[in-house]
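The values are calculated or read from the model by the stated rules, or taken from the named source; none is laboratory data. The structure displayed is predicted, hence computed values, not measured ones. Reconstructed Cβ throughout: ideal geometry from the backbone, glycine too, with neighbour counts over all protein chains shown.
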Amino acid sequence: RKEVEQDPGPFNVPEGATVAFNCTYSNSASQSFFWYRQDCRKEPKLLMSVYSSGNEDGRFTAQLNRASQYISLLIRDSKLSDSATYLCVVNMDNSGYSTLTFGKGTMLLVSP
Amino acid sequence: EAGVAQSPRYKIIEKRQSVAFWCNPISGHATLYWYQQILGQGPKLLIQFQNNGVVDDSQLPKDRFSAERLKGVDSTLKIQPAKLEDSAVYLCASSRTGAGANVLTFGAGSRLTVL
């Protein structure tokens, strides 16, 4: 089983739609979770952290389910500018340093 | 603050040749990472430095890849000899230690094509 698994998509949605991505991780000792966004031919950038209680940042909501070892990202009222690849990232603290493992990413295409 | 600088942005070489990539992290960031991103995949960690020490190089193909960060600031990643499957974007990232350790800032990447 891969450490971090994501559906590669693409998810094709119209503007204004709500879309959700899931990500599963294999290591139950994982401690921190993130979503990064990567535009085409650009570098990844941090979108948001994922907290145990769930967190929201504008149109974006992230949830963590430790029991089932998955993370989700919900995007409401999709914009054309949301088109990108969304990378699920899991951190495990190894002997005092952080090891971040990236999933393959889920591609989102928002159309007019 | 200035971002993570990488060079060159693009490099085309033939198989069995060598190549080197350079990275200058954000000032004050103790941790530096080299990731390899093959088309259609997520970034894969090659090596992680904290200051000038290696903390993780478990996925670095050491028969052909090497990296150094001698003075704990900038870093060089070398591939010698290159293979076709090394064609990828090599991303350098840096982060603080402690509370900021999980926030990686990436450079624009160095795109390598091996013919």
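For region A:6-23, filtered to residues that are within 12 Å of another protein chain (Cβ to nearest Cβ) and buried (at least 17 other Cβ atoms within 10 Å of the Cβ), the residue that is farthest from the chain's Cα centre (by Cα) is A:Gln6.
All conditions but one from (1) among the β-branched types (Val, Ile, Thr); (2) free of Cβ contacts under 8 Å to residues at least 24 places away in the same chain; (3) farther than 21 Å from A:Leu109 by Cβ apply to A:Thr24; the one that does not is (2). The residue list B:Ser110, B:Ser66, B:Ser58, B:Ser75 contains one member that is surrounded by fewer than 18 Cβ atoms within 10 Å (Cβ to Cβ) and within 11 Å of the chain's Cα centre (by Cα), which is B:Ser66.
Scanning region A:66-82 for residues being hydroxyl-bearing (Ser, Thr, Tyr), out of contact with any Pro (no Cβ under 8 Å at 6 or more places or on another chain) and either assigned to a strand (DSSP E or B) or in contact (Cβ under 8 Å) with a residue 60 or more places away in the chain (or both) gives a total of 2. The set of residues in region A:24-65 being charged (D, E, K, R), away from chain B (no Cβ under 14 Å) and outside any strand (DSSP E or B) consists of A:Arg59 alone.
Would you mind finding the one in B:Val103, B:Val4 that is of a type in the set (Val, Ile, Thr), closer than 24 Å to A:Asn91 by Cα and modelled with pLDDT under 95? Show your work before the answer.
On the way: B:Val4 fails: modelled with pLDDT under 95.
On inspection, the qualifying residue turns out to be B:Val103.
Just to be sure, is B:Gly40 modelled with pLDDT under 95, part of a loop (DSSP other than H, G, I, E, B) and farther than 13 Å from B:Ser87 by Cα?
No: the conditions fail for B:Gly40.
Of all residues in region B:70-107, those that are under 17 Å from B:Leu46 (Cβ atoms), within 13 Å of chain A (Cβ to nearest Cβ) and in a loop (DSSP other than H, G, I, E, B) total 2.
Please go through (1) within 22 Å of A:Leu100 (Cα to Cα); (2) in contact with a strand residue (DSSP E or B) (Cβ under 6 Å, 6 or more places away or on another chain) for B:Lys15 and return the number of the only condition it doesn't satisfy. Tallying (1) within 22 Å of A:Leu100 (Cα to Cα); (2) in contact with a strand residue (DSSP E or B) (Cβ under 6 Å, 6 or more places away or on another chain), B:Lys15 fails exactly one: (1). Exactly one residue among B:Gln59, B:Gln48 is assigned to a loop (DSSP other than H, G, I, E, B), within 13 Å of chain A (Cβ to nearest Cβ), free of Cβ contacts under 8 Å to residues at least 40 places away in the same chain and under 20 Å from A:Cys88 (Cβ atoms), and that residue is B:Gln59.
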